[in-house]
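Written below as structure tokens is the structure these notes are about.
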Number of protein chains: 2
Amino acid sequence: MKVIIRKGRKSDMPSALRLINELAVFEKEPNAVEVRLEDLETDGFGETPLFECYVAELDDKIVGMALFYPRYSTWKGPTIHLEDLIVQADKRQLKIGGKLYKKVIEHAYNLGVKRIEWNVLDWNTPAVDFYKSTGANVMNEWCNVQMDQKAMKTFLDK
Amino acid sequence: MKVIIRKGRKSDMPSALRLINELAVFEKEPNAVEVRLEDLETDGFGETPLFECYVAELDDKIVGMALFYPRYSTWKGPTIHLEDLIVQADKRQLKIGGKLYKKVIEHAYNLGVKRIEWNVLDWNTPAVDFYKSTGANVMNEWCNVQMDQKAMKTFLDK
């Protein structure tokens, strides 16, 4: 069994979308994924890529992905945001997630950014424990706030 | 008293840094700001700007700022992240924060992004209540996770 971690390509996006949908089910939002294959292809591999990713290949099949993009901290400067770290459900316990995680951190460190950051659901205890064991700082006093297009329009029309 | 909301310029960055430091004190991390004036000038107004901002001018002085940049959701597509919304302490109660907030939401809506998102400290009740009153979804089941350069190196060296 050989796991290969490599940069994600446009041709990997069907597998990426499958993993994204799997994560949405795990996070109890099975209908939340509106992104289509062509969006991922354009957004990640167009003239101005909005994200990059690493994929994990096992026996020539993609079984995991780490997707990230740059952010900016007004306290620290440029950072990297890890948006998704996903391993196919039946391929967990093979330490594939750990390999993808390390690759992204290595990449961020080599870029020289001051910080890498991400989010985790507070009930996802295995993930929280894993992140803490690697030296990451898991903060629960910050709330995430979101306003979708419909709410934006309602607010602006008031 | 006339408040002008306009796009932030490179020459506004000294005022921006003053406001950023003020916010760090308010958020109980007075020593957290490592960014220098020249960083803000380069990062925001170089060849590949890492952020944009709006500023609020009152009597020709900058008293507020909203700083934002693009992010990407693998569920929704392109989004805007509002990193900082700051109004000078002695100029609150003048609804300047609300004007800056509306301007950013309008900008995000006009760009066609699917979502605007940001973070708020759970003990900052006035801010949480304000965001909720505008139709934003304040979620407390997500934790923010961060790993700084030192922790990255420690992890990678293991």
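On the stretch given as segment A:92-102, residues that are buried (at least 17 other Cβ atoms within 10 Å of the Cβ) and either more than 16 Å from the chain's Cα centre (by Cα) or touching a residue at least 60 places away in the same chain (Cβ under 8 Å) (or both) total 4. Every condition in (1) modelled with pLDDT of 95 or more; (2) touching an Asp or Glu at 6+ places or on another chain (Cβ under 9 Å) holds for B:Glu52 except the one numbered (2).
Selection of segment A:103-142 for residues being under 14 Å from the mean Cα position of the chain (by Cα), without any contact (Cβ under 8 Å) to a residue 24 or more places away in the chain and outside any helix (DSSP H, G or I) yields only A:Val120. Restricting A:Asp90, A:Asp84, A:Asp43 to residues that are in a helix (DSSP H, G or I), at pLDDT 95 or above and of a type in the set (D, E, K, R) narrows the list to A:Asp43. Of everything in segment A:104-120, what is touching a Lys or Arg at 6+ places or on another chain (Cβ under 9 Å) and either among the charged types (D, E, K, R) or surrounded by fewer than 20 Cβ atoms within 10 Å (Cβ to Cβ) (or both)? Give them in sequence order. Selection gives A:Tyr109, A:Lys114, A:Arg115, A:Glu117. Quick check on B:Tyr54: is it under 30 Å from A:Phe45 (Cβ atoms), under 11 Å from the mean Cα position of the chain (by Cα) and part of a strand (DSSP E or B)? In short, no.
The values are calculated or read from the model by the stated rules, or taken from the named source; none is laboratory data. Just so it is clear, the model here is predicted, and its values are computed rather than measured. Heads up, the Cβs are rebuilt from the backbone with ideal geometry, glycines too, and the neighbour counts pull from every protein chain shown.
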